[in-house]
Amino acid sequence: MTSLDTVDLRLLLELVKDPRSQIGELSTVLGVARNTAQTRIRRLLKSGVLRRSGRELDLESLGYDVVAFVTIEVTHRELDGVVSALRTLHQVLEVHEISGRGDVWCRVAATDTHHLQSALRSILRIKGVIRTETVLALHEHIPYRTEPLLDRLASGSV
C-alpha cells in the first residue's frame, strides 16, 4: 500500500468527483500551492494509485486488497429499497440489476476477508435480501475501460 496523507486523499476525492478539475481549482479547494497539487498528482500517477483516466483508482494501493462480486437474490417488491440500502454501504462500488441467477450484482471492496465478511453481513441484513453468492476476484487482467468502444465508433465501425 502506498503511503497517502490527508492532502493526497482529499486530492483523489476531488479528482474522482470531477476528473476535469484544473490544478488551480484543486490547489484552492485543498488550500495548497499549485506546485504542491501538481507534484502530488504526478506522484499519484507515477505510483499507480491514480490511473490515466484521472478517475479510476488502484484499490490495492489504497489498502483494499479484496474485491468481490456479489450476486443478490431479492424479494422483487423490495428491489428499490435494497438498491437504496446498498448505496449507503461504503464498500459497495457499483450495483447492477441483472437477468439470470440472482437479481442484483454488486462489486464490493474490502481491506481483508474479515472486512468483506462484515460487508456481506450488512448486505444480508437489508430488508428484502433473500440470499447472496460471492465470488472473489483473484487478479485484474483488464481494468474497466471504454477506449475500445470509442475507437470503434470513431472509426465508423459499429
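The values are calculated or read from the model by the stated rules, or taken from the named source; none is laboratory data. No experiment lies behind these values; they were computed from the predicted model shown. When we count neighbours, we look across all protein chains shown, and the Cβ atoms used for this are built from the backbone with ideal geometry, even at glycine.
In table form, for the structure just shown:
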| read-out | value |
| --- | --- |
| Ser61 surrounded by 13 or more Cβ atoms within 10 Å (Cβ to Cβ), free of Cβ contacts under 8 Å to residues at least 40 places away in the same chain and of a type in the set (S, T, N, Q) | no |
| Residue ID - surrounded by the fewest Cβ atoms within 10 Å (Cβ to Cβ), chosen from residues in region 98-146 that are closer than 23 Å to Arg51 by Cβ and among the polar types (S, T, N, Q) | Thr146 |
| Qualifying positions in region 27-36 - part of a helix (DSSP H, G or I) and not hydrophobic (A, V, I, L, M, F, W, C) | Ser27, Thr28, Arg34, Asn35, Thr36 |
| Selection from region 106-136 of residues that are in contact with an Asp or Glu (Cβ under 6 Å, 6 or more places away or on another chain) and not in a loop (DSSP other than H, G, I, E, B) | Arg107, Ile130, Arg131 |
| Cβ pairs under 9 Å, 6+ apart, first in region 130-143 and at negative phi, second of a type in the set (Asp, Glu) and at pLDDT 95 or above | Ile130/Glu73; Ile130/Asp103; Arg131/Glu73; Thr132/Glu73; Glu133/Glu73 |
| Residue pairs meeting the criteria (Cβ under 7 Å; at least 6 apart or on separate chains; first farther than 14 Å from Thr39 by Cβ and part of a loop (DSSP other than H, G, I, E, B), in region 1-26; second at pLDDT 90 or above and small (Gly, Ala, Ser)) | Met1/Gly63 |
| Filter result (part of a helix (DSSP H, G or I) and either farther than 18 Å from Val129 by Cβ or not β-branched (Val, Ile, Thr) (or both)) within region 62-105 | Leu62, His76, Arg77, Glu78, Leu79, Asp80, Gly81, Ser84, Ala85, Leu86, Arg87 |
| Lone unmet requirement of (1) modelled with pLDDT of 95 or more; (2) among the basic types (Lys, Arg); (3) surrounded by fewer than 16 Cβ atoms within 10 Å (Cβ to Cβ) for Arg52 | (1) |
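Conditions (1) more than 30 Å from Ile123 (Cα to Cα); (2) of a type in the set (Val, Ile, Thr); (3) loosely packed, with under 14 Cβ neighbours inside 10 Å; (4) not assigned by TED's automatic domain parsing to the domain that holds Ser118, marked per residue:
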site: Arg20; (1), (2), (3), (4): yes, no, yes, yes
site: Gly24; (1), (2), (3), (4): yes, no, yes, yes
site: Ala33; (1), (2), (3), (4): yes, no, yes, yes
site: Leu89; (1), (2), (3), (4): no, no, no, no
site: His96; (1), (2), (3), (4): no, no, yes, no
